[in-house]
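One structure below.
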Amino acid sequence: MTKKTLSTKKLSMFEKIIIEKQEEALSEMVYIRDRSIDAQANLDSTARDSNYAYHMADVGTDAHEREKSFLWYTRENNFIRYLDDALARIKDGTFGFCSVCNEPIADARLKEVPHTQHCVSCKNKSKN
């Protein structure tokens, strides 16, 4: 039985797509950190030193924004991990094949969701 693999040309194309998506996610993480998380931390230390009282609603909104920024940051970090796993599958020759049925995953799906491990059919079955 021969092991299924994608062509070197296709693997190279998907590797490029994955690396571009990683760079975008890293850029987004830097933006979130610089604009939200670090900015909020600096604002909080300034607010503590201030003689002015903050309204509880403002404090709650600030806390909510910090939490939302942290969740987006975590989401991007997880996405990068999934992309790292996809690069590892490219290296070991398992990229592009469904982990459930072992059938090829459509190129269109891999272009949109390059970290996927499931074909559309198996993904839809898992939702039920």
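The values are calculated or read from the model by the stated rules, or taken from the named source; none is laboratory data. The structure presented is a predicted model; accordingly, all values stated were derived computationally and were not measured. Because the Cβ atoms are built from the backbone with ideal geometry, glycine has one as well, and the counts that use them run over all protein chains shown.
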- Which one of these does ASN102 not meet: (1) in a loop (DSSP other than H, G, I, E, B); (2) touching a helix residue (DSSP H, G or I) at 6+ places or on another chain (Cβ under 9 Å)? (2)
- Task: Would you mind stating whether ALA108 is in a helix (DSSP H, G or I), at negative phi, touching a Ser or Thr at 6+ places or on another chain (Cβ under 9 Å) and of a type in the set (A, V, I, L, M)?
- Result: no
- Task: Would you point out the residue of region 1-56, among those that are assigned to a loop (DSSP other than H, G, I, E, B) and surrounded by 15 or more Cβ atoms within 10 Å (Cβ to Cβ), that is modelled with the lowest pLDDT?
- Result: THR5
- May I ask you to list pairs of residues, at least six apart or on different chains, whose Cβ atoms are under 7 Å apart, with the first in region 65-92 being within 10 Å of ILE18 (Cβ to Cβ) and the second being charged (D, E, K, R)? LEU83/LYS21; LEU87/GLU15; ILE90/GLU15
